[in-house]
Amino acid sequence: MHLQYTNTAILVFLIFALSTCQNKSAQNQKNKDTITIKRAKINVPEVEEIPGMKDNERNRLEDVLPYYQSEGLYYSLGEALENPENVHRLRLRGMRLRELPLEIYQLKNLKELDLSDNSLSALPDSFASKFKRLEILDLSNNQFGKLPPQITQMPNLGYLNLRSNQLSQLPEDITALTQLQWLDLGRNQFKQLPEGITRLSNLKNLALDDAKIDSLPEAFKDMVRLRFLSLRRTGLSKIPQEIMALRELEELILAENKISELSPELSKLEKLSYLNVEKNRLTEVASLVGLPTLVNLNLSHNPITALPTNFFERLSSLKALNLSYTALSSLPSEISLCQGLVWLALQGNKINQLPEGISACSRLRVLFLGDNPEIDAEAYLGPLKGLDKLHTLRFAQIPGNAQKKVVLPAMLLELKSLVELDLRGNKLADAPAELVKLATLSNLQALNLSNSDIRQAHSEFKNFSSLKVLGLDLKNVSFSEVQKLAEILPPDAEVVDGTEFFSYKYWLD
């Protein structure tokens, strides 16, 4: 993921980057005309391996075809044509193509072709005959109003991405794609599920996001090899019964629909490891205790008022749990039974005290707090004592101070393992003094202090020797202070607009 900046933030940041790079160039006697801005990369151990934590669908290619990671990837047609016989993977993403360059036909051994983010509306008649070996084809974010007939003449395709086009139907002969394992039809104009899809016998991954469907055909239950299914923003008011027959299903996304209850028959999905039902209308989740294999559960943005008494006992395999922005007022101390919990989001609830049992979650790495009701911050954080592997903490908008000024709780400073700390929205009572405290967290590499009333380059920033990324509200920091920060911070540190990012994922390349 990449940060998005406001116009002002972009200007300030580019000026800062230019100034910093020029200073370093002079010191190192390098070419002053060469400017390189490098994104800091801060890994969170274990998190990215949790099902459902990968943002980019293309990351699933290694599950489709084994050659995917072993072959070299070319990013320009000119580079590929230098040695056409050895080119197996080509990415022409975002090239503003309206038609396919004829030179591409020299690449007769292509197995993967990425034409996403262009303006294509048709493919040449000879496309299928020229690319007989093609196994991965990405046509997402183009202008296709119908499926190019050439595609159904490519039986070796294992991956087909048609997301964000203008498709409203598929031809019956799509069933000719007998090797297809991944199909993405999201963000098109489907008003019902194309019948031919149910006869793709080898399909394992299917995305139908934004299709305006309120039910699935009975034949859908025959898609018994499906492992991944996404029905985000489809308008569903209940979970279709046909899904319960998909016994191999491992990941199910039903987010942003109108579902008000979860069927007890979900327990039939004995291999389900990831369930995302965020932004629905759920008020209770008792049916979920029949899914002991769940590793990642997203219940955020639902009006859930309480969790069942045996919730954590029956979901002891959880590694990631998102309960943000629900109506919960407390969390059972039985959370201690989830000793494998790695990622937990609790922000935006009515919880005024963390449960003591959370200290037993010794593998917890990422914790999102904040946007809570009135709390005693010191007591609230107390149960975190002993979490010596905590890597990332978001503790935004700490309430409890009538003057809207914050003194950082001492318990926060005991979390010595912290690498990333997000304190946005906390107006520090005495910025220099609070920065001295924060500098004692010697492992900090990313610190977000946006909207904290920091408008100058305090000398105390020099104590953050490990810092790689500092988030500030850049529109309120003058250019002269940004220049001073470049001299105070560690040489490789970046200043970014801290109002724009949300979680640790924004630090990852």
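The values are calculated or read from the model by the stated rules, or taken from the named source; none is laboratory data. Please read these numbers as outputs of a predicted model, since none were measured by experiment. Every residue, glycine among them, receives a Cβ derived from its backbone with ideal geometry; neighbour counts consider all protein chains shown.
Assorted remarks:
- A single member of ASP509, ASP492 is at pLDDT below 90, assigned to a loop (DSSP other than H, G, I, E, B) and within 24 Å of the chain's Cα centre (by Cα), and it is ASP509.
- Selected residue [aliphatic (A, V, I, L, M) and in contact with a helix residue (DSSP H, G or I) (Cβ under 6 Å, 6 or more places away or on another chain)] from LEU231, LEU262, LEU226: LEU262
- Residue count for the stretch 110-152, restricted to those that are under 31 Å from the mean Cα position of the chain (by Cα), part of a loop (DSSP other than H, G, I, E, B) and closer than 19 Å to TYR74 by Cα: 10
- Every condition in (1) in a loop (DSSP other than H, G, I, E, B); (2) crowded, with 16+ Cβ neighbours inside 10 Å is met by GLN339 except one, and the failing one is (2).
- For the stretch 262-274, the tally of residues that are in a loop (DSSP other than H, G, I, E, B) and touching a residue at least 24 places away in the same chain (Cβ under 8 Å) stands at 5.
- Residue in the stretch 427-436 that is in a helix (DSSP H, G or I), surrounded by 16 or more Cβ atoms within 10 Å (Cβ to Cβ), modelled with pLDDT of 90 or more and not hydrophobic (A, V, I, L, M, F, W, C) present: yes
- When ASN298, ASN352, ASN302 are checked against the criterion of being surrounded by 15 or more Cβ atoms within 10 Å (Cβ to Cβ), of a type outside the set (A, V, I, L, M) and touching a Ser or Thr at 6+ places or on another chain (Cβ under 6 Å), ASN302 stands alone in meeting it.
- Test: residue in the stretch 399-420 that is closer than 21 Å to SER300 by Cβ and either free of Cβ contacts under 8 Å to residues at least 60 places away in the same chain or assigned to a helix (DSSP H, G or I) (or both): yes
- Top-ranked residue of the stretch 468-488 - restricted to ones that are over 25 Å from GLN397 (Cα atoms) and of a type in the set (A, V, I, L, M), ranked as modelled with the lowest pLDDT: ALA486
- When residues of the stretch 224-239 are limited to those that are of a type outside the set (Lys, Arg) and within 19 Å of LEU203 (Cα to Cα), the one surrounded by the fewest Cβ atoms within 10 Å (Cβ to Cβ): VAL224
- Hits in the stretch 345-387 - residues which are within 18 Å of ALA320 (Cα to Cα), under 25 Å from the mean Cα position of the chain (by Cα) and in a loop (DSSP other than H, G, I, E, B): LEU346, GLN347, GLY348, ASN349, CYS361, SER362, ARG363, LEU364, ARG365, LEU387
- Sole exception among (1) within 22 Å of SER330 (Cα to Cα); (2) modelled with pLDDT of 95 or more; (3) part of a loop (DSSP other than H, G, I, E, B) for LEU297, by number: (3)
- Of all residues in the stretch 134-162 being charged (D, E, K, R) and in contact (Cβ under 8 Å) with a residue 60 or more places away in the chain, the one that is nearest to ARG96 (Cα to Cα): ASP138
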